[in-house]
Amino acid sequence: MLSFLLLHASISRNAQTQNLQLKASLVHELGLTDLCLFTEARYTRHLSQADLYTAFQDHPLSLEHFPSGSFTEPNLSGIR
Amino acid sequence: MQSWLEKQRYIVDFTMSSLLRRKVKNIGLLVLYTLIVFILASIIFFTYAIKREAAFILQGSPEIIVQNLIAGRHDLLPVSFLDQIKSIRGVANVESRLWGYFYDSLVGANYTLLTPPSQAGSLKSDGKKTFVGSGGSDIPTPTEEKNLYEYEGAPLEPGTLIIGNGVARMRSIGKGDYMPFMAADGEIMNLKIVNTLASESELVSSDLILMHESDFRKLFGISSTYVTDAIVTVSNPSEIETVANKIKKHIHTARPIIRDEILRTYSSIFNWRGGMMIVVFSAAVLAFVIFAWDKASGLSAEERQEIGILKAVGWETSDVIRMKFWEGAVVSLTSFFSGVILAYIHVFFTGSIVFEPALKGWSNLYPNFKLTPFVNAEQLTTLFFLTVIPYTVATIVPIWRAATIDPDTAMRHTGN
Amino acid sequence: MIELMNVRKVFNAGKANEFSALNNVSLHIPGNRITVLKGPSGSGKTTLLSIVGCMSRPTAGRVKLIDREITSLPERFLTDIRRSTFGFIFQQPNLIKGISVLENVMLPAYPLGDQRKDLCSRANQGLEQLNIVKSGSKVEWLSGGEAQRVSIVRALINNPSIIIADEPTAHLDTKLSYRFMEIVEKFKSEGKTVIITSHDPLVYDSSIIDKVITMRDGKIEDTPA
Ligand SMILES: Nc1ncnc2c1ncn2[C@@H]1O[C@H](COP(=O)(O)OP(=O)(O)O)[C@@H](O)[C@H]1O
Ligand SMILES: [Mg+2]
């Protein structure tokens, strides 16, 4: 039963490569950096452009009122 | 051997009829269990698929983005920086980006406004070289690219827009309609929508509005000496990090973001450690533990009596345990399979409808996306060990204690 | 057939509520006979039966079954012996609710892994002999007498040589009690050994009884046979 599920997954994955490529090329063409998952806060719309170290910047690990912020992590590389 | 097999069959049969006996209780158990597996499996499927999809799609994102930070805020980048960056060794090309957010008070949605970089013309030729798809097959044909944001072969012109599918949905507008904006100087700009972005690309483009550079500058009152940030292309991909460091050294207020960091950000999105995820996850695990515990400690007097009877009529302790093992296995496997299959349908066919309120948060614009089913056997195994094994163990342990009780209890606890 | 030597049974040993249910009981239960253990409630009859029937172990003393010492055998063997040698009829029918009469009757044979066809026909035959026709119905629907007869069929399914019955008539009316004694008589004619505990005169004064052992406070009272 589960192998059927895996089979289905791999078949539809193949079927959707075209789509994936479409998205990838759009990202490339427009110079996009992020997935459009959360449109509620600027640091979750462009998660990778947000950071953890800038003073007073609301960041996704703080307690705040945007739900999306509480299950994402910002670009952590700034702390290196 | 023959009789051993027959014996197992008897025990399984008895287990089944014994499960059917307590229909309400066992169905309740099954539903609860399935629900927990469903939630856990949905989380695992969803997060994994998002991560894999992001990893694939964002391969095409810029090698280095340079932001300008002033007094702790992301600020506009002076155009003069572009030449400074260009002069750094190892930089192949520098491209400016103009983008920002726009709050649409009419529908309460946030849009991302963007000027397609290729208007300057240079990115296309240079960018393609460094596109890091895994092999030539990943690079789409030019005609496909054009369809994305050019209409009828011509690039975006002043006074026109191309909107993402989410924007079109929010405002119920489309090709040929006009969208009014109030510019920074108070003037009303009525821009014509000449196309919408492909609905298949909503995961990256749902909230986008593409506009011409001149419109963008007018709308936000940004002078031509400033851009939002810069895209840097590096001549040798292995030098990305070095170049980023050099940029930082040259321009002290610059914050370079390299593609690896972008990819890393998305490979750690929805991390188990992160906020809400741990809440959801631990809630599910807790519920599971509670009910396994309840199951474990809640050997009712009736069940004890039954075990006593079975032992009195000649069942061995191991037979009783085997029976309870099958009981636990039947319940947990049934729930496991149905939970996993429901989760699969949920995540990959219904667009994770259960999670939508949480993912949506306060935003009004939510992309309609269909995830590519990245599922592997490893995930299923993890899930299996997370749910089936502990449950089965939790059911056996107390039974084992009970089953070692002397069978003469059957003669005493007369519960009929 | 069965021999008990200085058997003691202490419950909750070492605790405040320590209770000595059997004190140095020695007795002999003859084969192919009907033996009745009589005595007031609490005198240790059930305790004695459970030791004889390999359901619990004596605290001290020895038990011999057909010249074989069984006191120190591991649980597995005891279960084996119990399954193949003894048939138990309890005070309560002790049937498992929710499953059919037939399944209840076949329960003791499950661990033996007999052919299903043989087992079913054996069970049906047994039920027929005791005039139970509702083999497919659930045990909840049975009357008290029927339930007991089902439990008797269950006790006989593995064809045991010793039948143990603990207060079998306690929940039966006079008519059903006589009916039970008839069944017991049949056991004897089939060459089985029967041990019954009871404080019901209808049982221990019955003419078919071969031996009566009287118990009081965990000891055997000497009665002339
Ligand atoms: N598991 C036990 N723990 C403590 N005391 C027990 C236990 N089983 C029986 N007894 C006690 O042992 C005595 C003898 O019990 P039992 O053999 O059932 O008597 P009878 O069957 O003659 O009525 C009773 O006083 C009873 O309370
Ligand atoms: Mg008793």
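The residues of the stretch C:14-48 that are part of a helix (DSSP H, G or I) and either modelled with pLDDT under 90 or among the polar types (S, T, N, Q) (or both), listed by number, are C:THR46, C:THR47. Residues in the stretch B:64-95 that are facing chain A (nearest Cβ under 10 Å) and in contact with a helix residue (DSSP H, G or I) (Cβ under 9 Å, 6 or more places away or on another chain): B:ILE65, B:GLN67, B:HIS74, B:GLU95. Just one of the listed residues (C:LEU172, C:LEU127, C:LEU142) is away from ligand 2 (no atom under 16 Å from the Cβ) and under 28 Å from C:GLY31 (Cβ atoms), and it is C:LEU127.
When B:GLY136, B:GLY72, B:GLY127 are checked against the criterion of being assigned by TED's automatic domain parsing to the domain that holds B:LEU210, at pLDDT below 90 and out of contact with any His (no Cβ under 7 Å at 6 or more places or on another chain), B:GLY136 stands alone in meeting it. For residues that are within 13 Å of C:ARG8 (Cα to Cα) and touching a Leu at 6+ places or on another chain (Cβ under 8 Å), scanning just the stretch C:18-48, find the one that is nearest to ligand 2 (Cβ to nearest atom). Residue satisfying both the conditions and the ranking: C:LYS45. Considered as a group, the residues in the stretch C:81-97 that are touching an Asp or Glu at 6+ places or on another chain (Cβ under 8 Å) and more than 16 Å from ligand 2 (Cβ to nearest atom) include one that is nearest to C:ILE2 (Cα to Cα), and that residue is C:ILE96.
Considering only residues that are of a type in the set (Ser, Thr, Tyr) and surrounded by fewer than 22 Cβ atoms within 10 Å (Cβ to Cβ), which ones fall in the stretch B:197-227?
B:SER199, B:SER214, B:SER223, B:SER224, B:THR225, B:TYR226 - these are the residues of the stretch B:197-227 that are of a type in the set (Ser, Thr, Tyr) and surrounded by fewer than 22 Cβ atoms within 10 Å (Cβ to Cβ).
Which residue is nearest to B:ARG169 (Cα to Cα), if the candidates are limited to the stretch B:192-210 and must be β-branched (Val, Ile, Thr) and outside any helix (DSSP H, G or I)? This residue is B:THR196. Tell me, yes or no, whether the stretch C:114-127 has at least one residue that is within 10 Å of another protein chain (Cβ to nearest Cβ) and touching a residue at least 40 places away in the same chain (Cβ under 8 Å). No, the stretch C:114-127 has no match at all.
With respect to (1) within 14 Å of chain B (Cβ to nearest Cβ); (2) within 16 Å of ligand 2 (Cβ to nearest atom), the lone exception for C:ILE163 is condition (2).
Scoring C:VAL7 on the criteria (1) within 13 Å of ligand 1 (Cβ to nearest atom); (2) surrounded by 13 or more Cβ atoms within 10 Å (Cβ to Cβ); (3) within 14 Å of chain B (Cβ to nearest Cβ) leaves a single failure, condition (3). Which of the residues that make up the stretch C:12-32 are within 13 Å of ligand 1 (Cβ to nearest atom), more than 14 Å from chain B (Cβ to nearest Cβ) and touching an Asp or Glu at 6+ places or on another chain (Cβ under 8 Å)? Listed by number, the list holds a single entry, C:ASN23. Can you pull out every residue in the stretch C:32-50 that is farther than 22 Å from B:ASP406 by Cβ and aliphatic (A, V, I, L, M)? If the condition is that a residue be farther than 22 Å from B:ASP406 by Cβ and aliphatic (A, V, I, L, M), then C:ILE34, C:VAL36 are the ones that fit.
In the stretch C:49-70, the qualifying residues are those that are outside any strand (DSSP E or B) and either touching a His at 6+ places or on another chain (Cβ under 9 Å) or more than 16 Å from ligand 2 (Cβ to nearest atom) (or both), and the one that is farthest from the other protein chains (Cβ to nearest Cβ) is C:ASP67.
Kindly establish whether B:GLY314 is modelled with pLDDT under 85, within 11 Å of another protein chain (Cβ to nearest Cβ) and in contact with a Pro (Cβ under 8 Å, 6 or more places away or on another chain). For B:GLY314, the condition - modelled with pLDDT under 85, within 11 Å of another protein chain (Cβ to nearest Cβ) and in contact with a Pro (Cβ under 8 Å, 6 or more places away or on another chain) - is met. Taken together, the residues in the stretch B:97-107 that are within 11 Å of chain A (Cβ to nearest Cβ) and out of contact with any Phe, Trp or Tyr (no Cβ under 9 Å at 6 or more places or on another chain) amount to 1. Annotation: C:THR35 fulfils all but one of (1) over 23 Å from B:LYS311 (Cβ atoms); (2) more than 16 Å from ligand 1 (Cβ to nearest atom); the unmet one is (2). Each residue in the stretch B:50-87 was checked for being surrounded by fewer than 20 Cβ atoms within 10 Å (Cβ to Cβ), in a helix (DSSP H, G or I) and hydrophobic (A, V, I, L, M, F, W, C), and 3 of them qualify.
Looking across the stretch C:186-207, the residues that are buried (at least 16 other Cβ atoms within 10 Å of the Cβ) and either part of a helix (DSSP H, G or I) or away from ligand 2 (no atom under 16 Å from the Cβ) (or both) come down to C:PHE187, C:LYS188, C:LYS192, C:THR193, C:VAL194, C:VAL203, C:TYR204, C:SER206. Summed over the stretch B:196-235, the residues that are more than 18 Å from B:TYR366 (Cα to Cα) and charged (D, E, K, R) give a count of 5.
Would you be able to say whether some residue in the stretch C:71-84 is touching a residue at least 24 places away in the same chain (Cβ under 8 Å) and either away from every other protein chain (no Cβ under 14 Å) or within 16 Å of ligand 1 (Cβ to nearest atom) (or both)? Scanning the stretch C:71-84 turns up no residue that is touching a residue at least 24 places away in the same chain (Cβ under 8 Å) and either away from every other protein chain (no Cβ under 14 Å) or within 16 Å of ligand 1 (Cβ to nearest atom) (or both).
Go through (1) more than 16 Å from ligand 2 (Cβ to nearest atom); (2) at pLDDT below 85; (3) in contact with a helix residue (DSSP H, G or I) (Cβ under 6 Å, 6 or more places away or on another chain) one by one and return the number of the condition B:ILE405 breaks. In the conditions (1) more than 16 Å from ligand 2 (Cβ to nearest atom); (2) at pLDDT below 85; (3) in contact with a helix residue (DSSP H, G or I) (Cβ under 6 Å, 6 or more places away or on another chain), B:ILE405 misses (3) alone. Checking B:ILE44, B:ILE39, B:ILE27, B:ILE57 one by one, the residue that is β-branched (Val, Ile, Thr) and within 10 Å of another protein chain (Cβ to nearest Cβ) is B:ILE57 and no other. Selection of the stretch B:349-378 for residues being within 18 Å of A:SER12 (Cα to Cα), in a helix (DSSP H, G or I) and either away from chain A (no Cβ under 11 Å) or not aromatic (Phe, Trp, Tyr) (or both) yields only B:ALA377.
Residues that are touching a strand residue (DSSP E or B) at 6+ places or on another chain (Cβ under 9 Å), more than 11 Å from ligand 1 (Cβ to nearest atom) and polar (S, T, N, Q): does the stretch C:57-67 have at least one? Among the residues of the stretch C:57-67, at least one is touching a strand residue (DSSP E or B) at 6+ places or on another chain (Cβ under 9 Å), more than 11 Å from ligand 1 (Cβ to nearest atom) and polar (S, T, N, Q), which makes the answer yes.
Please specify each residue of the stretch B:211-235 satisfying the condition of being part of a strand (DSSP E or B) and in contact with a Gly (Cβ under 8 Å, 6 or more places away or on another chain).
B:ILE231, B:THR233, B:VAL234
Quick check: anything in the stretch C:159-174 more than 21 Å from C:SER84 (Cβ to Cβ) and part of a helix (DSSP H, G or I)? Checked the stretch C:159-174: at least one residue is more than 21 Å from C:SER84 (Cβ to Cβ) and part of a helix (DSSP H, G or I). For beta carbons closer than 6 Å, sequence separation of 6+ or different chains, a first residue in the stretch B:341-363 that is farther than 22 Å from A:ARG45 by Cβ and a second that is among the small types (Gly, Ala, Ser) and in a helix (DSSP H, G or I), the qualifying pairs are B:ALA343/B:ALA41; B:ALA343/B:SER42; B:HIS346/B:SER42; B:VAL347/B:SER42. The set of residues in the stretch B:172-206 being within 14 Å of chain A (Cβ to nearest Cβ) and of a type outside the set (A, V, I, L, M) consists of B:ASN195, B:THR196, B:SER199, B:GLU200, B:SER201, B:GLU202, B:SER205, B:SER206.
The values are calculated or read from the model by the stated rules, or taken from the named source; none is laboratory data. Since this is a predicted model, take the numbers as computed values, not measurements. Cβ sites come from the backbone with ideal geometry, for glycine too, and all protein chains shown count toward neighbours.
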